[in-house]
Each structure stands twice: as C-alpha cells, then as structure tokens.
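The values are calculated or read from the model by the stated rules, or taken from the named source; none is laboratory data. Everything quoted here is computed from the prediction, not taken from an experiment. With ideal geometry, Cβ positions are generated from the backbone for all residues, glycine too; neighbour counts draw on all protein chains shown.
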Amino acid sequence: MSTFKEEYNSIWEHCDYELEPELIVLRAHLMSERYIERFIKLFLLKGDKVISKGRLTYAQKLNLMDSFGIVAKDLVDCHKNLNKLRNKMAHELGYDIKLEDVDLIGRPMGQTYTNLRKERGQDLKDLLCAVVGFLCGGLAHYVVEYEKVSKRKLAELKMKISKQGAPVVDEGDK
C-alpha cells in the first residue's frame, strides 16, 4: 500500500515537461486507467476478475467506477474528456494537441481550471502537466484513502453487499 505522496510523485515522474504533449496525454491516460482499475478492485466483489477477464475499454471502466457514486462528477467528466482526446489522437494520424484540447479536459474542474489557466497562460505543456497532475492526483487520492481500509474491513463490507451473503476470503487473510 502506497501513500498519496508516493503516488503523486510517481505521477509527476511520468509527466515530464520535456516530453511532447501527445506522450504526456498517453501517459496520463495509462496512469488514470491504472487508478480506475485499482478503484474497481476495491469496490467490486470480484473486481480483480472483472479487470483481468472482462476485456473492458477505458470508457467502460470509467463508467463502472462512476456507477459507485463515490468519485466527484467533475473528476469523472475530466477523465471522459481525456479519453476523447486520446481517441482522437489514435484515429487522426499526426494530430497535434492544442490549448483548446487541454481546455476541454480541464473545463469540468470549474474555477480550479480557470485559476490554472490564468497561472499557466499559453504554455501548453505546463498547463497540460498541471491538469494531468490534478486528474491523476484526484483519482490517486480516492484510491489511497480507500486502500487504507484494512483487508478484513473491506472483506466484511464486500460480504454485506454480496447478494449471496457468501463470505469473501482474501488469500492475504489466511
């Protein structure tokens, strides 16, 4: 189990200002998917099976995470827009990211994004890295906080929400 500080440092290691904006977006997309998967594994009775065998797309995983009603809507909307940009890059050869693309990702953040935009101005990479830090850092915060719950407590919670009422045994508890 990692701390939020460790997660946040990892995010910044992968969001290198020296990288091209397209690579920053791809790395952000991969990092956010990793956090979404960790979140699903925490809250879904057999989340590990869903992730490993479900063949879910990023959008499906994001919608599944959103269905728990825990993660803030603005953060989910930002990630939906990140996914739209990643898909645009994948289907338009040579697509160059513009400030408008970063605006689309960040706009659901509301005043937080307005302030970032004023601080960063027209510096595309700086603004993009700040937005990525917010997006991935936001998901990291949720995951780290919920991972703090002991495995036993989580197993008890999963048992309560299980329709069958069958006990959940975590191999780590044996």
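Of the set (1) touching a Phe, Trp or Tyr at 6+ places or on another chain (Cβ under 7 Å); (2) over 23 Å from residue 33 (Cβ atoms), all apply to residue 83 but (2).
Look through 90, 140, 59 and report the one residue that is closer than 18 Å to residue 30 by Cβ, free of Cβ contacts under 8 Å to residues at least 40 places away in the same chain and within 14 Å of the chain's Cα centre (by Cα).
Exactly one residue qualifies, and that residue is 59.
Of all residues in the stretch 1-44, which are acidic (Asp, Glu) and surrounded by 15 or more Cβ atoms within 10 Å (Cβ to Cβ)?
Here is the first cut: in the stretch 1-44, the ones acidic (Asp, Glu) are 6-7, 13, 16, 18, 20, 22, 33, 37.
Across the stretch 1-44, the qualifying residues are 7, 22, 33, 37.
Looking at 56, 99, which is the one that is farther than 27 Å from residue 110 by Cα and at pLDDT 95 or above? Exactly one residue qualifies, and that residue is 56. The numbered conditions (1) at pLDDT 95 or above; (2) within 21 Å of residue 2 (Cβ to Cβ); (3) not β-branched (Val, Ile, Thr) are all true for residue 152 except (1). Among the residues making up the stretch 1-38, those that are part of a helix (DSSP H, G or I) and of a type in the set (A, V, I, L, M, F, W, C) are 4, 11, 12, 23, 24, 25, 26, 28, 30, 31, 36. Hey, does the stretch 1-20 have a residue that's within 12 Å of the chain's Cα centre (by Cα) and without any contact (Cβ under 8 Å) to a residue 40 or more places away in the chain? No, because not a single residue in the stretch 1-20 is within 12 Å of the chain's Cα centre (by Cα) and without any contact (Cβ under 8 Å) to a residue 40 or more places away in the chain.
Restricting the search to the stretch 48-105, which residues are under 18 Å from residue 129 (Cβ atoms) and not aliphatic (A, V, I, L, M)? Before you say what the answer is, go through the steps one by one.
Taking the stretch 48-105 first, the residues under 18 Å from residue 129 (Cβ atoms) are 75, 78-79, 81-82, 85-86, 89, 96-105.
If the condition is that a residue be under 18 Å from residue 129 (Cβ atoms) and not aliphatic (A, V, I, L, M), then 78, 79, 81, 86, 96, 98, 100, 101, 103 are the ones that fit.
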